[in-house]
Amino acid sequence: MSIKRLYWLITFFFMGMISLQGCGARSPSTPITPTTDVTQQPIPTVTLTPTPNIINGTVTIWHSWDETQRSVLFRRISAFQSQYPDVQFDVWYIPPLDLQARFEEAMSQGGGPSILIAPAEWGPRLSDEGYIMELTDLVSDKLTDTLNPAAVEEGVYNYRQIGLPISLKGVVLFRNKTIIPAQPKTFDQFVAFATTATEGGKVGADLERSFYYSGGHLIGLGGLLMDADGMPVFQQDDYAIAQKWLFLLKEFEKAGMTEFNSDNDIRLFKDNRVGMIIDGTWNMYNLAGEIGPLNLAIDPWPAYQEGHLSGFIQADNMFLTSLAKSEADQVSWLFLQSFYTTEAQLSLADAGMIPPIRVTTIEGEDGTLRINDPFIAQAMVALDGGCAYPIQPEMNLYLTQMDVTLQSYLTQGMNSKIALQKAFQTLQSLVSQHKTRITPTP
């Protein structure tokens, strides 16, 4: 099966357990609630500055960040303790494949963390279980206005804010500057540049059209996919916008080659044989290493008619758990907010993560971003034109059914409106059945 098809199922690749008090391996039989009998873990030394407002308590954080990412967390803790020296931290690394199960088990037994760092897609389930807090009344417009809107939407479930984004990944447009030197601003330019570059064994573009990689274009054109209940709503305007989306994907063929859940585009791009591809930000360093860092560009999405192309954005969120409700000083919420200072957000970029802060928030006077890593900076600009990947559990049904619909239209010649009507009816039935299965009988 294609690497692309599997990627969104895998979040991290590191194993182990770390506490701010120390580190040490734990066997599967070790209780979930951390103990203090561990080896001392050094953390950055800071000068503690007393504050007039005495805030105390313990913030417990569970996460699956790797060693480089953990350094950002430790620095943020040190900075926070310099202002609130009476606050203690208990930080635990849980292997990514174990994090959700251990978290749910611990919370069901009255344990667990006060802050969880985890994929946004976990939010609906954890919210339904009552394990995470609603943040709607806590989060200010001043905070959300500084963040990528699609990233903020990754923390919205049933019209309630249940989490805040801490790092991003998403579908973007990559360009090999040795084959196509200039950024296309419109889709017509995109096709023209790609057509001109197709010669001598090289092709201007090889574009992925499977739903995970192409569904964002529907939103970019002004369309809708599902409502808050997971029901399909792409029938708007008698399927007019959805038909425009299908027509756009058909027009991809004018620019060169197309793929469908294939890694052929990535292989050709690495071989310096294709100018533009659609892929994920998680591949940007890999691609740069193959064609040379100076030759890789991550472009903003080009305009198309009244809208623009787009890609799904996914986030890792910070969740405030139900254990934070009993904190007298709301210390966990106070610490969580500290991650959204400009300084803290820039430190995420230094650790190789794409911060959710809006590019306009960190632009210098000359219009450049205050980001040291050029690929992080370019990805932030590109993702500013992205759309939120739906976190509703029903999205798994859409991934399968919309791929069937796309193939029916693109390769089997089915009429676009008929294909969309069939998809709408099928998804209505599938989502209704899904809700019936997960809703307990009174």
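The values are calculated or read from the model by the stated rules, or taken from the named source; none is laboratory data. None of the values given here were measured: they were computed from a predicted structure. Positions of Cβ are backbone-derived with ideal geometry, glycine not excepted, and every protein chain shown enters the neighbour counts.
Side notes on the structure shown:
- Screening residue 337 with (1) closer than 25 Å to residue 236 by Cβ; (2) surrounded by fewer than 19 Cβ atoms within 10 Å (Cβ to Cβ); (3) modelled with pLDDT of 95 or more gives one miss only, at (1).
- Screening region 340-352 for residues that are outside any helix (DSSP H, G or I) and not aliphatic (A, V, I, L, M) and picking the one that is modelled with the lowest pLDDT gives 341.
- Applying a threshold of 6 Å to beta carbon distances and a minimum spacing of six or more residues, or different chains, the list of pairs starting in region 420-434 at a residue that is farther than 13 Å from residue 403 by Cα and ending at one that is surrounded by fewer than 16 Cβ atoms within 10 Å (Cβ to Cβ) and among the hydrophobic types (A, V, I, L, M, F, W, C) reads 431/231.
- Condition met for residue 241 (among the aliphatic types (A, V, I, L, M), under 22 Å from the mean Cα position of the chain (by Cα) and surrounded by 19 or more Cβ atoms within 10 Å (Cβ to Cβ)): no
To keep it simple, each residue is scored yes or no on (1) modelled with pLDDT of 95 or more; (2) outside the structural domain of residue 62 (by TED's automatic domain parsing); (3) crowded, with 20+ Cβ neighbours inside 10 Å; (4) of a type in the set (A, V, I, L, M).
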{"residue": "275", "(1), (2), (3), (4)": "yes, yes, yes, no"}
{"residue": "287", "(1), (2), (3), (4)": "yes, yes, yes, yes"}
{"residue": "292", "(1), (2), (3), (4)": "yes, yes, no, no"}
{"residue": "303", "(1), (2), (3), (4)": "yes, yes, no, yes"}
{"residue": "327", "(1), (2), (3), (4)": "no, no, no, no"}
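- Residue match in region 117-124 (condition: out of contact with any strand residue (DSSP E or B) (no Cβ under 7 Å at 6 or more places or on another chain) and at pLDDT 95 or above): yes
- Residue check: residue 95 meets all listed conditions (1) over 15 Å from residue 322 (Cβ atoms); (2) touching a Pro at 6+ places or on another chain (Cβ under 8 Å) but one, namely (2).
Let's see how each residue does on (1) in contact with a strand residue (DSSP E or B) (Cβ under 6 Å, 6 or more places away or on another chain); (2) modelled with pLDDT of 90 or more; (3) hydroxyl-bearing (Ser, Thr, Tyr):
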residue	(1), (2), (3)
364	no, no, no
372	no, no, no
383	yes, yes, no
393	no, yes, no
396	no, yes, no
404	no, yes, no
413	no, yes, no
417	no, yes, no
425	no, yes, no
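- Residue 413 fulfils the conditions (1) out of contact with any Asp or Glu (no Cβ under 9 Å at 6 or more places or on another chain); (2) assigned by TED's automatic domain parsing to the domain that holds residue 82; (3) on the phi > 0 side of the Ramachandran plot except for a single criterion, (2).
- Criterion: more than 25 Å from the chain's Cα centre (by Cα) and in contact (Cβ under 8 Å) with a residue 60 or more places away in the chain - qualifying residue of 169, 250, 185: 250
- Matching residues, region 114-130, being among the charged types (D, E, K, R), more than 16 Å from the chain's Cα centre (by Cα) and either within 13 Å of residue 165 (Cα to Cα) or not in a helix (DSSP H, G or I) (or both): 129
- With respect to the conditions (1) of a type in the set (S, T, N, Q); (2) in the same structural domain as residue 281 (by TED's automatic domain parsing); (3) surrounded by 17 or more Cβ atoms within 10 Å (Cβ to Cβ), residue 332 lacks only one, and its number is (2).
- Among the residues of region 167-180, those identified as out of contact with any Lys or Arg (no Cβ under 7 Å at 6 or more places or on another chain), more than 21 Å from residue 308 (Cα to Cα) and either part of a loop (DSSP other than H, G, I, E, B) or β-branched (Val, Ile, Thr) (or both) are 177, 178.
- Restricting 190, 174 to residues that are touching a Pro at 6+ places or on another chain (Cβ under 6 Å) and assigned by TED's automatic domain parsing to the domain that holds residue 255 narrows the list to 190.
- Only a single item in (1) modelled with pLDDT of 95 or more; (2) among the charged types (D, E, K, R); (3) not in a strand (DSSP E or B) is not met by residue 37, and it is number (1).
- Residue that is surrounded by the most Cβ atoms within 10 Å (Cβ to Cβ) [pool: residues in region 396-436 that are among the small types (Gly, Ala, Ser) and more than 28 Å from the chain's Cα centre (by Cα)]: 419
- Candidate set from region 188-214 (those that are closer than 20 Å to residue 287 by Cα and assigned to a strand (DSSP E or B)); member that is farthest from the chain's Cα centre (by Cα): 202
- Residue 150 vs. criteria in a helix (DSSP H, G or I), at negative phi and modelled with pLDDT of 95 or more: yes
Every residue, every condition in (1) within 21 Å of the chain's Cα centre (by Cα); (2) without any contact (Cβ under 8 Å) to a residue 40 or more places away in the chain; (3) crowded, with 18+ Cβ neighbours inside 10 Å, yes or no:
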{"site": "91", "(1), (2), (3)": "no, no, yes"}
{"site": "96", "(1), (2), (3)": "yes, no, yes"}
{"site": "132", "(1), (2), (3)": "yes, no, yes"}
{"site": "137", "(1), (2), (3)": "no, yes, no"}
{"site": "165", "(1), (2), (3)": "yes, no, yes"}
{"site": "176", "(1), (2), (3)": "no, no, yes"}
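- Region 273-325: number of residues that are among the polar types (S, T, N, Q) and in contact with a Gly (Cβ under 9 Å, 6 or more places away or on another chain): 6
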